[in-house]
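The numbers here are math on the coordinates, done by the rules we state, and not lab data. This is a predicted model, so every value here is computed, not measured. Quick reminder, even Gly has a Cβ in these numbers, built from the backbone with ideal geometry, and neighbours come from all protein chains shown.
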Amino acid sequence: MPSAQFDPTTTGPHALAISNLVVRLLNEYTGRGPTKARTHFSDNLITVVVQDLLTKGERSLMRDGKADLVLGTRRAYQLTMRDDLTAGVEEVTGRQVIAFLSANHLDPDVAIESFILAPQDNGHPPHAADTHD
């Protein structure tokens with residue numbers, strides 16, 4: 001693992017790397033990645049907001065009133081991707097992910113992938129600044 005000196009107040013390259021990781025993995029697992037992704041940092045929390053990620057088949061199921069099936073399938077993908085997503089975030093940040101949370105919303109087509117990081121033990125309190133990259 002890289003250095004544990006990840007600083008959530010200077011996250012530009014980290015945000016891009018994590019956004020790209022999430023888009024790539026969603027594409028690999030589902031056959032279609034989101035068209036938008038933005039990573040947000042706050043202390044020990046990283047949240048990636050993705051938009052426009054439903055496949056053509058999922059949109060068809062929604063039109064046929066099967067939104068619950070789409071949400072269930074998306075949840076299964078998230079559970080399957082958890083280890084790869086967590087490992088990727090740990091590699092980028094050099095910090096341990098202690099929790100992964102994921103949720104989808106269908107209309108609008110948006111999802112979040114959130115990662116709780118272990119507290120950073122560097123002798124300094126966490127930064128209170130909320131940085132959005």
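One table, with the values for the structure above:
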{"quantity": "Segment Arg75-Ile112, length gained on full extension (0.36 nm per residue, minus Cα span)", "calculated": "12.2 nm"}
{"quantity": "Estimated distance in nm for a label pair at Leu16 and Arg82, the labels positioned 7 Å out from Cα along Cα-to-Cβ", "calculated": "3.2"}
{"quantity": "Segment Ser42-Thr55, extension gain: residue separation times 0.36 nm, minus the distance between their alpha carbons", "calculated": "1.6 nm"}
{"quantity": "The range 12-119 - convex hull of the alpha-carbon atoms, volume per residue in Å³", "calculated": "86"}
